[in-house]
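Report on the structure given below.
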Amino acid sequence: MRRGRRTSTPHAVVYRVSGEPSGPRFGVIVSKQVGGAVVRNRIRRRIQAICASSLTTVPAAELIVVRVLPGAHEASWDTLRSEIGDGLRRAVTAS
């Protein structure tokens, strides 16, 4: 996460690093500051679903990490989807 491109949204930070051309890979980081285990897993599943729907927009050689910020559990599904989608687009299109 120390190298590559970083973009921020109100509820997450999206990191991008160019890697091996084996297909896009996604990782999700949800700390205990976000909430309890049930809350963290719900947010993680939501972020994974958003990333899965964005597979066609991410080039094959990209490694994407989404770090969820505290307060994301209060965001609605539509808010998370638009913010993470926008963060992914900005991270991928930026050089």
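Once the Cα atoms are used to define both axes, helix 77-93 deviates from the longest principal axis of the chain by about 20 degrees. Close amide H contacts of ILE29 (hydrogens built in the peptide plane, cut-off under 5 Å, sequence separation of 5 or more or a different chain): VAL66, ARG67, VAL68.
For helix 37-53, what angle does its Cα long axis make with the longest principal axis of the chain, in degrees from 0 to 90 and rounded to 10? The two axes meet at around 30 degrees. The tail of the calculated P(r) for the chain, taken as Cα-Cα distances beyond 24 Å, holds 15 percent of the pairs.
Relative contact order for region 5-93: 47 percent, from Cα pairs under 8 Å spaced at least 6 residues apart, divided by residue count.
Just so you know, all these numbers are worked out from the coordinates, no wet-lab data involved. Quick caveat: nothing in here was measured; it's all calculated off a predicted structure.
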